[in-house]
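Taking it in order: structure first as structure tokens, then the write-up.
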Amino acid sequence: GQAGQMAVYARRAPGYETELPLEGRCGALRVRGRADGYQADVNRLEEIKTLRGPLALVPENRRALHWAQLQTYGALIAADRGLAELELALVYVDADTQTETVLRETATAAALQAGFEARCRAFEAWAAQEATHRAARDAALAGLPFPLGELRPGQRLLAEAVYRAAARGR
């Protein structure tokens, strides 16, 4: 992946910013990332993905994730730099041939922000559901007895030896 990114960077115009750290808040979430590149003079944010073979082999659900990542970065950079709109470019670079396939869209800051907030809400709902599930699982497990009843011969000695070794950092 990194070699493909470097090849793309080498072909970009002077002033092309690479590895942009981005950060923002959405509700209780702090969202951070690092966008691959931004060309200010054409107001284009790029996310570079390395692949082998034709883009048609990348599953649609994977490409949807790539767009969501780029759109999230778009919302963050638009908010940070006060941009009204932004060109987003998803750059697929073939690792073997170094050829680029570029998919582009232009989006307003408002649309990017709305999408960002929707993704955050979906994540928060999933995280709450996951926390509820884990709490119920842990409560159920806490009530279960040890399945073997008694320790087998030598098991306690082994456990003590492991504990002592771990305590000494071995």
Subject >> Summed residue charge, Cβ within 9 Å of ALA89's Cβ, Lys/Arg positive, Asp/Glu negative >> reply: -2
Subject >> Value of relative contact order over the chain, rounded to a whole percent, pairs C-alpha under 8 Å and six or more apart >> reply: 18
**OP:** For the stretch 130-170, list log₁₀ I(q)/I(0) at each q in 0.26, 0.33 Å⁻¹, using the Debye formula over Cα point scatterers of equal strength and ignoring solvent, two decimals each.
**Re:** -0.80, -1.01
Subject >> Under-5 Å amide H pairs with TYR16, H placed in peptide plane, nonlocal only >> reply: none
Original post:
For LYS49, which sequence-distant residues (separation of 5 or more, or a different chain) have an amide H within less than 5 Å of its own amide H, given hydrogens modelled in the peptide plane?
Top reply: VAL91, TYR92, VAL93
**OP:** Mind listing the long-range amide H neighbours of ALA35? Cut-off is under 5 Å, sequence gap 5 or more, other chains count too, H placed in the peptide plane at 1.01 Å from N.
**Re:** LEU20, LEU22
Original post:
Based on the Kirkwood radius over alpha-carbon pairs, what value in µm²/s does the Stokes-Einstein equation return for the translational diffusion coefficient of the stretch 2-132 at 4 °C and 1.567 mPa s?
Top reply: 83
Original post:
Separation between the THR132 and ARG25 pseudo-spin-labels, each 7 Å from Cα along Cα→Cβ, expressed in nm?
Top reply: 2.7
**OP:** Could you tell me which helices of the chain pass both thresholds, a Cα extent of 20 Å or more along their own axis and a mean Kyte-Doolittle hydropathy of at least -0.5, with helices taken as whole DSSP H runs?
**Re:** 109-142
Subject >> Gaussian network model of the chain, Cα within-10 Å springs - most flexible of ALA107, ALA35, ALA84 >> reply: ALA84
Original post:
Taking the alpha-carbon centroid of each part, what is the distance from the stretch 27-88 to the stretch 139-165 in angstrom?
Top reply: 49
Original post:
Tell me, what is the FRET efficiency for ASP80 and LEU103 to the nearest 0.05, using R0 = 25 angstrom and their Cβ-Cβ distance as r?
Top reply: 0.60
Original post:
Using the Cβ atoms and a cut-off under 15 Å, what net charge is assigned to the surroundings of GLU23, where Lys and Arg are +1 and Asp and Glu are -1?
Top reply: +3
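Any read-out appearing in this document is the output of simple, stated calculations on the displayed coordinates, not a laboratory observation. Small disclaimer: the values here were computed from a predicted structure and weren't measured. All Cβ positions, glycine included, derive from the backbone under ideal geometry; neighbour counts span all protein chains shown.
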